[in-house]
Amino acid sequence: LILKRDRKDKGKEEMKIIPEKEGSYTKIGVICEGGMGSSAMGAAILRRLLSEKDMVEIEVKAYASDLVPVGIEILVCQKDYWERVQYRFSGKEVYLVGNLVNRTEYEALVERLNRPK
C-alpha cells in the first residue's frame with residue numbers, strides 16, 4: 001500500500017476575508033481547536049496591535065471553535081483549520097491567516113478596522 005502525501009503550494013497567498021461592515025466592530029474572536037494555545041497567543045498579538053493604534057474599544061478573546069459565543073462580529077482563524085470548521089459559522093465575517101502567532105498576518109485587519117468610516 002502506497003500513500004501519497006498532499007503537498008500544498010507554500011508560495012500561494014493566504015486567503016483573507018476582510019470585513020466591510022458599516023460602523024465599527026467591538027468583538028473579535030480568535031479561534032482554534034482548544035482555545036488555549038495558538039488562539040490565545042493570536043488574541044494577545046491582535047490586542048497589542050489594536051492598542052498601538054488606540055483602538056482599545058475592540059474586545060479580542062480566544063475561543064475553542066465549539067465555544068464561540070453569540071455576538072462575536074469577526075472570527076480570526078487559521079486557514080487550514082477553517083476548512084474543517086467553516087460549516088459551523090455560516091454568515092460570520094472571517095479573517096483567515098496562515099499562522100495565528102505571526103504578528104504581520106494581523107496588520108491588514110488592523111488597518112481595515114482603523115479606516116475612517
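The values are calculated or read from the model by the stated rules, or taken from the named source; none is laboratory data. Owing to the predicted nature of the structure, the values given are computational and were not obtained by experimental measurement. Glycine gets a Cβ as well: all are built from the backbone with ideal geometry, and neighbour counts include every protein chain shown. Quick note on the areas: whole protein, heavy atoms, side chains included, nothing else; ligands and nucleic acids left out. Shrake-Rupley method; radii C 1.70, N 1.55, O 1.52, S 1.80 Å.
Annotations
- Verdict on residue 95 being hydroxyl-bearing (Ser, Thr, Tyr) and over 21 Å from residue 26 (Cβ atoms): no
- Verdict on residue 81 being on the phi < 0 side of the Ramachandran plot, touching a Cys at 6+ places or on another chain (Cβ under 8 Å) and surrounded by 12 or more Cβ atoms within 10 Å (Cβ to Cβ): yes
- In the range 38-58, the residues that are open to solvent by less than 30 Å² (accessible area, probe 1.4 Å) and either assigned to a strand (DSSP E or B) or among the acidic types (Asp, Glu) (or both): none
- With a requirement of 1 or more residues that are closer than 20 Å to residue 44 by Cα and touching a residue at least 40 places away in the same chain (Cβ under 8 Å), the strands (runs of 3 or more DSSP E) lying completely within the range 59-117 that satisfy it span 74-78, 93-97.
- Of the residues screened, residue 14 is one that is at pLDDT below 75 and either in contact with a His (Cβ under 8 Å, 6 or more places away or on another chain) or not polar (S, T, N, Q) (or both).
- Pick from the range 64-78, criterion open to solvent by less than 60 Å² (accessible area, probe 1.4 Å) and among the hydrophobic types (A, V, I, L, M, F, W, C), ranking: nearest to the chain's Cα centre (by Cα): 76
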